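The values are calculated or read from the model by the stated rules, or taken from the named source; none is laboratory data. All figures in this text were calculated on a predicted structure; none of them were measured in a lab. Note that each Cβ is placed from the backbone with ideal geometry, even for glycine, and that neighbours are counted across all protein chains shown. Accessible surface is based on the protein model in full, side chains and every heavy atom, while ligands, DNA and RNA are left aside. Shrake-Rupley method; radii C 1.70, N 1.55, O 1.52, S 1.80 Å.
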Amino acid sequence: MSHLEIWMLGVALAMDCLAISLATGVGARRMVWRPMMTMAITFGLFQGGMTMLGFAGASLLSDFFIHTGPWIAAAMLLFLGVKMVREGIHPDHESQQIHIPGLRDTLVMAVATSIDAFAVGVSFSCIRYTVPRMLYPVAVIGFCSWIISIAGLLAGTRAARRISWPTEPAGGIVLIALAIKIALTEYLGG
């Protein structure tokens, strides 16, 4: 696989991170650097780590993740999306309230977005990559997810400044739509 193909793969895998980061940025309404950087770093680490885990566990866990991974990701995103919508329309919710996922929710989102990276790691094993050769793709995939997550958070917060209605439910709807897309793709394609 060429360097360009690996970078394109890294960007493609980061698209789920982008969608969730945009939704989070819209819900937060402004940048809160520490938790948002934690989120972006966690997404990058999980994307790269799950790629390596898929490579390492290709023979042991590949069938499980290839068949059930998309359903697990869809369920996690659906849960978080419903939670965001419910919190956003709660009567005590103020439109200017800052909502940033805690560590637990960030970890759930990181797992949900990185299941595809596990499958990619399995595919690297199938094309006979070695452990030293895997370090470059893992680093690229992690970096792309990190930087694209930051871009999504920034774009989401900028968009939220222009919106006067509560944005957290909109972010939740994005997560629900992403979960439905994953489930439909799996159901129709699998």
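Roughly what would the spin-label model give for Val111 and Met15, points 7 Å off Cα along C-beta, in nm? The modelled label-to-label distance comes out at 2.5 nm.
Computed from label points 7 Å out along Cα-Cβ, the spacing between Ser2 and His67 is 3.7 nm. Think of it as helices only: each DSSP H run of n ≥ 4 in the chain is worth -39500 (n - 2.57), and spread over all residues that comes to -29000 deg cm²/dmol at 222 nm.
Placing unit charges on the Cβ atoms only, positive for Lys and Arg and negative for Asp and Glu, gives the chain a dipole magnitude near 440 debye about its Cα centre. Each label was represented as a point 7 Å from its Cα along the Cα-to-Cβ direction; for Cys126 and Ala139 these points are 2.7 nm apart.
Evaluate E = 1/(1 + (r/R0)^6) for Ile89 and Glu186, where r is the Cβ-Cβ distance and R0 equals 35 Å; express this FRET efficiency to the nearest 0.05. Result of the calculation: an efficiency of 0.75. Ranking of Leu13, Leu184, Leu107 by solvent-accessible surface, largest first: Leu184, Leu107, Leu13 (1.4 Å probe, protein heavy atoms only, all chains present). Taking Trp33, Trp7 and ordering them by how much accessible surface each has at a 1.4 Å probe, largest first, produces Trp33, Trp7. Residue ranking by accessible heavy-atom surface, 1.4 Å probe, largest first, among Ser125, Ser114 comes out as Ser125, Ser114. Using θ = phi - 60° in the Karplus curve 6.51 cos²θ - 1.76 cosθ + 1.60, the 3J(HN,Hα) couplings for the stretch 26-36 round to 4, x, 6, 6, 7, 6, 10, 4, 4, x, 6 Hz; x is entered for Gly and Pro. Listed options for semi-axes √(5λ) of the Cα gyration tensor in Å are [x] 30, 23, 14; [y] 37, 23, 16; [z] 31, 18, 12. The value calculated from this structure is the one marked [z]. Note on Arg158 and Val82: the extension gain reaches 25.0 nm, defined as 0.36 nm multiplied by sequence separation minus the Cα-Cα distance. Dividing the mean sequence gap of close Cα pairs (under 8 Å, 6+ apart) by how many residues the chain holds gives a relative contact order of 51 percent. In order along the stretch 119-135, the phi-based Karplus estimate (6.51 cos²θ - 1.76 cosθ + 1.60, θ = phi - 60°) of 3J(HN,Hα) comes to 4, 5, x, 4, 5, 4, 5, 5, 9, 6, 6, 9, 4, x, 5, 6, 4 Hz; Gly and Pro are listed as x.
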